[in-house]
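The values are calculated or read from the model by the stated rules, or taken from the named source; none is laboratory data. Please read all numbers here as calculations on a predicted model, not as lab measurements. Counting neighbours? That spans all protein chains shown, and the Cβs are built from the backbone with ideal geometry, glycine included. When the accessible area is computed, the model is the full protein with side chains, heavy atoms only, and any ligands, DNA or RNA have been set aside. Shrake-Rupley method; radii C 1.70, N 1.55, O 1.52, S 1.80 Å.
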Amino acid sequence: MSEDDNKYDFLAIEKRWQEYWEREKTFRAEDDSEKPKYYALDMFPYPSGAGLHIGHPEGYVASDILARYKKACGFNVLHPMGWDAFGLPAEQHAINTGTHPRETTLKNIGTFKRQLKALGLSYDWDRELSTTDPDYVKWTQWIFLQLFEAGLAEQKEVPVNWCPALGTVLANEEVIDGLSERGDHPVVRAPLRQWVLKITEYADKLLAGLDGLDWPAGTLRSQREWIGRSEGTSVKFQVKGGTEDVEVFTTRPDTLMGATYVVLAPEHPLALKLGNEDSVKEYADAAARKSDLDRTADAKTKTGVPTDSYAVHPLTGEDVPIWVADYVLGAYGTGAVMAVPAHDTRDFAFAEAFGLPIVRVVDGGDLPYTDPGVCVNSGEFDGLKTGKAKKAVTYKLSQLERGEKKVTYKLRDWVFSRQRYWGEPIPITFPVLDSNGAPLPEGALDPRVTDEGFEIDFSKPEAVPVDQLPLQLPETDDYAPGEDPAGCLARIKDWRFYVEDGYWRARETNTMPQWAGSCWYYLRYADNGNDAEFISQQNDKDWLPVDLYVGGAEHAVLHLLYARFWHLFLYDQNKVQSPEPFRKLVHQGLILGADGEKMSKSRGNVVNPDEVIAEHGADALRLYEMFMGPLEAVKPWQTAQVSGVVRFRDRVFQACAKAADVAIDEETEVLLHKSMRKVTTDIDQLGFNTAISQLMVLSKHLEGMKEPPREACEKLALMVSPFAPHLGEECWSVL
Ligand code: ANZ
């Protein structure tokens, strides 16, 4: 054999096997199989214009290794891929270039798909889906309607940051001193009619469900903190000389005797009714422009204004002043606190700043003393330890009808409306009324051509009938947001207004957020193409829950909480049979540039997967990304090390190419069995870098032999296959 014959021609070999797998549908998942199932899921990508980046393959290869390994072990494997394809960038691109977002999206999907195929991932492409497919949108809308009918989707006036110039609602982080971060346009805090999903009704279930999950500890913690269940006591302070009560929420009722003032959030309904209104109003307006994070940061100097009123202490009957301050949040607890400066850090800073009294009621170290201890200066409660005192004070308050046990959550209901084009239309319609408030008959006037003489009755939302789903987006070239807070669809009047049974009706013009489509895609893969149901009972039972879910830690809360919420809801409705969708979850670590910094165009440290594949091959890219370090670790790209895995690949091939029918010697046999044990246990634990190290040792040994025993080479090829599948196939066929 000449040198050249021996050279591993990865470009031709990889292409050949990829074509083979596609032609043979090697990775088709079988419905109704006798085999045990394994469902390996990737977080599906947003098909951006930039194409695949080097971080994508890391998670995809990891789940692919498990999928291929389980298949080899006799499992019926479901390993699908799809596209999270609604969202802002395609719409922004449309506004800038006039290209319809659907066109951009299709083009980008084409690029992504080509790139993923070049990696040799074992997807069942027959199950591919895009959240923008009409057939998928239909069921996303259907699930929304299930929520609507169960009373979990409702309209609410929600104060939002509305920027008329940009024609959109902005997040708190996008507003700086009342101006939009982008473009410096004025932003007003205005109540807007929004669709809200009542995820708070699922707070306890979402919390309880976390206990049984094999998820990263940090992600479980993030979800628990996000839900933020807090047990405490609500206490009513009567406003002196009035009939109103200020109700506060406290986790330390044992410190009630040390409450020396009461603080209302600037948004509190009583804030502008207790005197000193001008200052309070000015203060509240300024607070409305700050983020909650800024307001509550411990390090911030505390600001506030006094009202002219006092509250009556429920136990002592003493007067305590009522203040307004923005370190108290309007949307948490009751939006008011009893301030105990001796034992709470923020209250202490505030009392110091404004000269308010500080009374110690828990024995212990320096003030503020925030640990538990024993009650002092607390009358009948003196001598009680914190735990007992909490109960005793709460009991006393309940006797006086001035308080009770209370649980609060940090979790807020989910604002589900977007005033955008490129999303699923919310499948709801409303009656149109004439100027007398009666249903507007066809022929009276045409709401498509005039803006006057009629009104939409938002108080009577009605579901679009299921047989009319999907409710599709209208075709338009006018995607730009505008001055109408109802969103850009409100301008497309031929779509918005229609006649039914002789009367005009109006469609909802808000669309769903991008989160909607990613809430249930893993269900659809298991029964893609089912026209009659979003998933059949049988396929749900056969495939769900997902056995392994791999994706970025940036989704620790929102996506992973929203998806769990929809799934738990569907479970309660008897539509799915498992309460939790994702049994095991793993986050791949970020891949940094060679300089140890986050990859970015401006730094010039971006590695392009297409180039790596062209130069070294897909197997080399796969092996390198798995060999860089533990899957979850953050790690820098080091191009020089790619040649190390290339040498390994070539060595495996050389060994197999010269395999001989000779009896296996003892040294080789011991090493082989040790390797089999290590590689299989490592794969089960997703310890891919150490599995590859072991395979390197084995391949070096075999390649160093004059006549490597065929039996050992076959095992090597099998073990290498999940990591470097083209190599595995090639070796197997050579053997
Ligand atoms: C009196 C007190 C005394 C408190 C003390 C703490 C220590 P978590 O654990 O996060 O639930 N609080 C209540 N509502 C608030 C709001 N809307 N904005 C800001 N702070 C609020 O925190 C509960 C505690 O946070 C409550 O207990 C209250 O302060 C404060 F020695 O009440 B505490």
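Amide H to amide H under 5 Å from V374: which residues, 5+ apart in sequence or cross-chain, H placed 1.01 Å off N in plane?
Here the answer is D363, since their amide H atoms fall under 5 Å of that of V374.
Among H100, G365, L623, which residue has its Cα furthest toward the positive end of the charge dipole of the chain, with +1 on Lys/Arg Cβ and -1 on Asp/Glu Cβ?
Farthest towards the positive pole: G365.
What is the sum of charges around K205, taking Lys and Arg as +1, Asp and Glu as -1, for the other residues whose C-beta is under 13 Å from the C-beta of K205?
-2
Of T668, N689, P722, which is farthest towards the positive pole of region 629-726's charge dipole, taken about the Cα centre with +1 and -1 on the beta-carbons of Lys, Arg and Asp, Glu respectively?
N689
Between helix 688-703 and the chain, what is the angle of the helix's C-alpha long axis to the longest principal axis, kept within 0 to 90° and rounded to the nearest 10?
10 degrees
Can you work out the Karplus-derived ³J(HN,Hα) for every residue in region 58-67? Use 6.51 cos²θ - 1.76 cosθ + 1.60 with θ = phi - 60°, whole Hz, and x for glycine or proline.
For region 58-67, the Karplus curve yields 4, x, 5, 5, 4, 5, 5, 4, 5, 4 Hz.
Heavy atoms of the protein only, probe of 1.4 Å, neighbouring chains included. What is the accessible area of E380 in Å², nearest 10?
130 Å²
How big is the charge dipole of the chain about its Cα centre, in debye rounded to the nearest 20, if each Lys and Arg gets +1 on its Cβ and each Asp and Glu gets -1 on its Cβ?
Here the chain has a charge dipole of around 1440 debye.
Taking the Cα atoms only, what angle lies between the long axis of helix 639-657 and the longest principal axis of the chain, rounded to 10 degrees?
40 degrees
Only loop residues by DSSP count here, and only those with at most 10 other Cβ atoms within 10 Å; note down the GluC sites (Glu not before Pro) in region 1-63 that meet that.
Of the GluC sites (Glu not before Pro), the ones in loops of region 1-63 whose Cβ has at most 10 other Cβ atoms within 10 Å are E34.
With every protein chain present, what accessible area does K138 have (1.4 Å probe, heavy atoms only), rounded to the nearest 10 Å²?
50 Å²
Just by accessible area at a 1.4 angstrom probe, what is the order of K107, K281, K706 from largest to smallest?
Most to least solvent-accessible, the answer reads K706, K107, K281.
How much solvent-accessible surface does W17 expose, in Å² to the nearest 10, with a 1.4 Å probe and all protein chains in place?
Approximately 30 Å² for this residue.
Using the Cα centre as the reference, give the magnitude of the dipole from point charges on the C-beta atoms of region 662-735 (Lys, Arg: +1; Asp, Glu: -1; all else neutral), rounded to the nearest 20 debye.
The dipole magnitude comes to about 180 debye.
So if I place +1 on the C-beta of Lys and Arg and -1 on the C-beta of Asp and Glu, and nothing else carries charge, what would the dipole magnitude of region 274-351 be about its Cα centre? I want it in debye, nearest 20.
Here the size comes out at about 280 debye.
Relative contact order for the chain: what is it in percent, counting Cα pairs under 8 Å that are at least 6 residues apart?
Once normalised by length, the contact order is 16 percent.
For R622, R583, write out the residues from largest to smallest accessible area, computed with a 1.4 angstrom probe and no ligands counted.
Descending accessible area places them as R583, R622.
What are the ³J(HN,Hα) values, in whole Hz, obtained from phi via the Karplus relation 6.51 cos²θ - 1.76 cosθ + 1.60 with θ = phi - 60°, for each residue of region 180-187 in sequence order, with x given for Gly and Pro?
5, 4, 8, x, 6, 8, x, 10
Once the dipole of the chain is set up with Lys and Arg at +1 and Asp and Glu at -1 on Cβ about the Cα centre, which of T233, I176, Q141 lies farthest towards its positive end?
In the chain, that residue is T233.
L213's amide H: which non-local residues (gap 5+, or another chain) put their own amide H closer than 5 Å, with H modeled 1.01 Å from N in plane and none for Pro or chain starts?
Placed amide hydrogens put nothing under 5 Å from L213.
What are the ³J(HN,Hα) couplings of region 16-24, residue after residue, when phi is run through the Karplus curve with 6.51, -1.76, 1.60 and θ = phi - 60°? Round to Hz, x for glycine and proline.
Result, ordered by residue: 4, 5, 4, 5, 4, 4, 5, 5, 7 Hz.
Could you rank Y261, Y69 by how accessible they are, 1.4 Å probe, largest area first?
Y69, Y261
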